[in-house]
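A.B. asks: The structure follows.
The values are calculated or read from the model by the stated rules, or taken from the named source; none is laboratory data. Please read all numbers here as calculations on a predicted model, not as lab measurements. Virtual Cβ from ideal backbone geometry, glycine too; neighbours counted across all protein chains shown.
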Amino acid sequence: MKIASYTITGTKDSEVELPIIFSTPFRKELIHKAFTNLTSHKFQRQGRKPMAGMDVVADSNDPPTGQGVSRVARMQGGGGGRQGQGAEVASTRGGRQAHPPIVEKVIYKKLNKKENKLALCSAIAATASKKLVELRGHKVDGIESFPIIVSDDIETISKTNEVTKVLDSLKLSQDLERLDTRKPRSGQARLRGRSKKVGKSVLFVTSNSSNLSKATGALPGVEVRSVKELSVMDLAPGSDPIRCIF
């Protein structure tokens, strides 16, 4: 299949034959599986102090029955403070956790190499479908073919205003404006520094991402990846296919 390539000014340059990888069938369930696998590699092991909630002097009655009170362990002491309060066991205030997480839990998921490779090929092939790109929420009105192929001159750009002009000429600035409608969040998310969630917009795939990545740093949602760095995490953020790339 041949699609048009463009210059950085937005004019058609020539037609390019898409590689055979773009004929890979779309496998949504495999992309989701690969995304889950790769996400687990960033998890951090969790554990609890073995004696957490149990560093107290608390005992149940001996014998435990016939006292007219429950058998919950209670704080010892000669008066005042927490004397007589339930402690140490899981059902009491400040007590231990019933089933705490352990560091031995296996959280690093594995995936077969061929499955992982097929998921990446499927995600790359899906970028050629305008229907899938629009389903993810991208604004691509007026754009004829996908993926958008631009001349190598774009890799020499090192300023943000030049990247903005390229996006305007290729009718991609409408997708960046889509992110401006996001409202800041309130409540606990705001208190923890997550008041605003930045969405995903255009993804540049280049042979060398060093120059262009500096120029796009100030543009929200715009990312640059080299071909060697390309991953399912970039092509289907949140395992939701598929992203607009060029």
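A.B. asks: I need the full set of residues from the stretch 179-209 which are at pLDDT below 90 and assigned to a helix (DSSP H, G or I), in order please.
C.D. replies: Leu179, Asp180, Thr181
A.B. asks: Of all residues in the stretch 33-65, how many are in a strand (DSSP E or B) and more than 17 Å from Gln97 (Cα to Cα)?
C.D. replies: 1
A.B. asks: If you take the residues of the stretch 1-32 that are closer than 21 Å to Leu135 by Cα and part of a helix (DSSP H, G or I), which of them is farthest from the chain's Cα centre (by Cα)?
C.D. replies: Per the stated criteria, the residue is Ser23.
A.B. asks: Kindly indicate the residue of the stretch 210-238 that is surrounded by fewer than 18 Cβ atoms within 10 Å (Cβ to Cβ) and of a type in the set (Gly, Ala, Ser) and also modelled with the lowest pLDDT among those meeting that condition.
C.D. replies: In this case the residue turns out to be Ser210.
A.B. asks: Next question. Kindly indicate whether any position in the stretch 19-31 is under 30 Å from Thr92 (Cα atoms) and in contact (Cβ under 8 Å) with a residue 60 or more places away in the chain.
C.D. replies: No.
A.B. asks: Is the stretch 148-169 home to any residue that is on the phi > 0 side of the Ramachandran plot, surrounded by fewer than 12 Cβ atoms within 10 Å (Cβ to Cβ) and modelled with pLDDT under 90?
C.D. replies: The answer is no, given that none of the residues of the stretch 148-169 is on the phi > 0 side of the Ramachandran plot, surrounded by fewer than 12 Cβ atoms within 10 Å (Cβ to Cβ) and modelled with pLDDT under 90.
A.B. asks: Quick one: what pairs do we get from the stretch 181-204, first residue over 30 Å from Ser226 (Cβ atoms), second of a type in the set (A, V, I, L, M) and surrounded by 10 or more Cβ atoms within 10 Å (Cβ to Cβ), C-beta under 9 Å, 6+ apart or different chains?
C.D. replies: That search, which allows pairs on different chains as well, returns Ser195/Ala189.
A.B. asks: Do we have Val224 as in contact with a Phe, Trp or Tyr (Cβ under 6 Å, 6 or more places away or on another chain), free of Cβ contacts under 8 Å to residues at least 24 places away in the same chain and either closer than 23 Å to His41 by Cα or part of a loop (DSSP other than H, G, I, E, B) (or both) here?
C.D. replies: Yes: the conditions hold for Val224.
A.B. asks: Please go through the stretch 29-55 and give me each residue that is at pLDDT below 95, under 22 Å from Asn116 (Cβ atoms) and among the basic types (Lys, Arg), ordered by number.
C.D. replies: Lys42
A.B. asks: Before we move on, is Ser70 at pLDDT below 90, assigned to a loop (DSSP other than H, G, I, E, B) and surrounded by 15 or more Cβ atoms within 10 Å (Cβ to Cβ)?
C.D. replies: Judged against the criteria, Ser70 is not a match.
A.B. asks: Of everything in the stretch 155-175, what is touching a Cys at 6+ places or on another chain (Cβ under 8 Å) and part of a helix (DSSP H, G or I)? Give them in sequence order.
C.D. replies: Once the filter is applied, which keeps residues that are touching a Cys at 6+ places or on another chain (Cβ under 8 Å) and part of a helix (DSSP H, G or I), the stretch 155-175 yields only Asp175.
A.B. asks: While we're here: For the stretch 131-146, which residues satisfy the criterion of being assigned to a loop (DSSP other than H, G, I, E, B), closer than 17 Å to Leu235 by Cα and either among the aliphatic types (A, V, I, L, M) or touching a Gly at 6+ places or on another chain (Cβ under 6 Å) (or both)?
C.D. replies: Passing the criteria: only Val140.
A.B. asks: Okay, next question. Among the candidates Lys109, Lys114, Lys105, which residue alone is among the basic types (Lys, Arg), modelled with pLDDT of 90 or more, in a loop (DSSP other than H, G, I, E, B) and loosely packed, with under 13 Cβ neighbours inside 10 Å?
C.D. replies: Lys105
A.B. asks: Right, another one. Would you be able to tell me the number of residues in the stretch 85-102 that are touching a strand residue (DSSP E or B) at 6+ places or on another chain (Cβ under 8 Å) and either outside any loop (DSSP other than H, G, I, E, B) or exposed (fewer than 13 other Cβ atoms within 10 Å of the Cβ) (or both)?
C.D. replies: 2
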